[in-house]
Amino acid sequence: MNLIPIVGAVVSFLLAISYWIESIQKEIGKNKNYFQLVFHDSPPIFLFLSVTVLLLHIYCELTNQIHSIPFFYGIHVPSIFLIGPLSYLFFEEMSGETFFKIRFLHFIPSICCLFLVYSFKPDGYQLSTLTSDHPNLKSFTDWINFFLGFGVVSILIYILMILLRVLRWKLQSKGKIESSFRPFLFLLIYSLFVMVLFVLAQLAFMDLFLPACFAFTLLLVTLLIVRMNFRDYLGHFKAEIRDARYKESRLKGVDIPMVLQRMEELMKLDRLYLNDRLTLTSLAKRLEINTHQLSEILNTKLGCSFRNYINQFRLLEAEKMLLEKREMTILNIIYASGFNSKSSFHKLFQDRYGVSPQIYRLKSK
């Protein structure tokens with residue numbers, strides 16, 4: 001049974017590595033420094049690293065190996081306080097929210113705990129004296145246990161916040177529950193169950209501690225399996241989450257930043273610009289606003305007309321096809337990229353790149 005935490009730690013570390021590799025692959029070619037790459041694009045890295053540290057600490061305590069590394073004792077407390085806000089941040093990223101919507105205030109408990117654990121540890125502190133009647137040692141371990149319980153409860157609260165938000169989206173939706181929402185709701189409810197076990201173990205019934213560790217490890221294994229084998233499902237879920245978020249914002253009126261973000265998602269992810277019949281009216285209908293509102297947003301916020309906005313995506317698509325699909329004729333590329341006029345395409349391409357499509361393709365060899 002003592003191997004359960006170490007298995008969970010290995011799985012969690014693998015999840016952290018997989019997200020780190022994915023973030024690097026995704027950002028190759030973008031002019032981002034390392035700080036931006038890690039801190040802006042991959043909150044899951046820190047989430048699963050925090051879980052790894054927590055489970056390693058649990059393993060060391062269960063096997064009494066913590067006695068040989070007393071400095072490691074207590075590091076699980078700041079890690080626990082990180083898991084809650086990072087989990088919510090992970091969910092925000094999946095739902096397309098702006099990064100760092102959770103304020104820095106949410107991370108202060110973790111920083112304070114790290115400071116307290118390593119600044120107020122009594123001189124000559126050794127784990128073998130945990131049962132000592134020395135007042136300083138007893139006070140220190142009491143504080144560790146207090147913050148440990150409070151940290152577990154904080155994770156429970158964050159998961160409950162995520163669950164309530166998803167349920168609110170579903171209650172506001174007039175349609176049936178989408179296929180990807182069902183397993184995600186089950187995953188959230190199961191996560192809530194795991195944290196309830198930890199809370200009960202910490203506050204009252206320590207016999208529940210190992211079952212809670214087993215349930216937590218099973219959750220991590222499930223996440224790894226889903227990530228490795230069901231990437232299409234994850235993409236489908238993200239699309240449904242974006243729709244739910246957008247509908248939620250529309251209940252409050254026209255949220256211009258949300259409209260701009262949703263419009264960009266429709267172009268980059270759904271690639272609506274490839275439809276040569278796309279019009280201002282059809283895009284406005286998709287955004288659930290009227291044409292006058294969409295036209296005003298495009299003119300005032302982006303400084304362009306609807307046609308210019310769509311054509312910029314079509315030109316980028318055409319350029320990509322010219323370079324990557326050399327077997328395609330230019331005429332086929334014109335229609336495949338969403339244009340329905342050869343003359344307008346050539347004029348727009350010439351204006352943007354300074355040469356004709358034929359010359360651009362030849363020069364790129």
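The values are calculated or read from the model by the stated rules, or taken from the named source; none is laboratory data. Keep in mind that what you see is a predicted model, and the values were worked out from it rather than measured. Using ideal geometry, Cβ is built from the backbone for each residue, glycine included, and neighbour counts are taken over all protein chains shown. Only protein heavy atoms, including side chains, enter the accessible area calculation; ligands, DNA and RNA are left aside. Shrake-Rupley method; radii C 1.70, N 1.55, O 1.52, S 1.80 Å.
When Y158, Y190 are checked against the criterion of being at pLDDT 70 or above and either in a loop (DSSP other than H, G, I, E, B) or under 15 Å from Y88 (Cβ atoms) (or both), Y158 stands alone in meeting it.
Going by the structure shown, is I359 among the β-branched types (V, I, T) and out of contact with any Leu (no Cβ under 7 Å at 6 or more places or on another chain)? Spell out how you get there, then give the answer.
Working: among the β-branched types (V, I, T): yes; out of contact with any Leu (no Cβ under 7 Å at 6 or more places or on another chain): yes.
In short, yes.
Scan the stretch 319-347 for residues that are within 35 Å of the chain's Cα centre (by Cα), closer than 11 Å to R361 by Cα and assigned to a helix (DSSP H, G or I) and the total you get is 6. Just wondering, is there one or more residues in the stretch 69-79 that are of a type outside the set (S, T, N, Q), crowded, with 21+ Cβ neighbours inside 10 Å, outside any helix (DSSP H, G or I) and modelled with pLDDT under 80? Yes, the stretch 69-79 contains a residue that is of a type outside the set (S, T, N, Q), crowded, with 21+ Cβ neighbours inside 10 Å, outside any helix (DSSP H, G or I) and modelled with pLDDT under 80.
Results for (1) closer than 18 Å to L220 by Cβ; (2) modelled with pLDDT of 70 or more, shown as yes or no for each residue.
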position: Q25; (1), (2): no, yes
position: Y34; (1), (2): no, no
position: L37; (1), (2): no, no
position: P44; (1), (2): yes, yes
position: F48; (1), (2): yes, yes
position: T52; (1), (2): yes, yes
position: H57; (1), (2): yes, yes
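Residues that are more than 27 Å from S337 (Cα to Cα) and either modelled with pLDDT of 85 or more or in contact with an Asp or Glu (Cβ under 9 Å, 6 or more places away or on another chain) (or both) number at least 3 in the following helices (runs of 4 or more DSSP H) confined to the stretch 224-308: 231-250.
Condition check ((1) in contact with a helix residue (DSSP H, G or I) (Cβ under 9 Å, 6 or more places away or on another chain); (2) in contact (Cβ under 8 Å) with a residue 60 or more places away in the chain; (3) on the phi < 0 side of the Ramachandran plot; (4) open to solvent by 40 Å² or more (accessible area, probe 1.4 Å)) across all residues:
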{"position": "H292", "(1), (2), (3), (4)": "yes, no, yes, yes"}
{"position": "E296", "(1), (2), (3), (4)": "no, no, yes, yes"}
{"position": "Y309", "(1), (2), (3), (4)": "yes, no, yes, no"}
{"position": "T329", "(1), (2), (3), (4)": "no, no, yes, yes"}
{"position": "I333", "(1), (2), (3), (4)": "yes, no, yes, no"}
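Filtering the stretch 161-180 for residues that are at pLDDT 80 or above and open to solvent by 20 Å² or more (accessible area, probe 1.4 Å) leaves a non-empty set.
Within the stretch 144-153, does at least one residue satisfy the condition of being touching a helix residue (DSSP H, G or I) at 6+ places or on another chain (Cβ under 9 Å) and modelled with pLDDT under 70?
To start, the set of residues in the stretch 144-153 that are touching a helix residue (DSSP H, G or I) at 6+ places or on another chain (Cβ under 9 Å) comprises 144-145, 147-153.
Filter once more, keeping what is modelled with pLDDT under 70: none.
Among the residues of the stretch 144-153, not one is touching a helix residue (DSSP H, G or I) at 6+ places or on another chain (Cβ under 9 Å) and modelled with pLDDT under 70, which makes the answer no.
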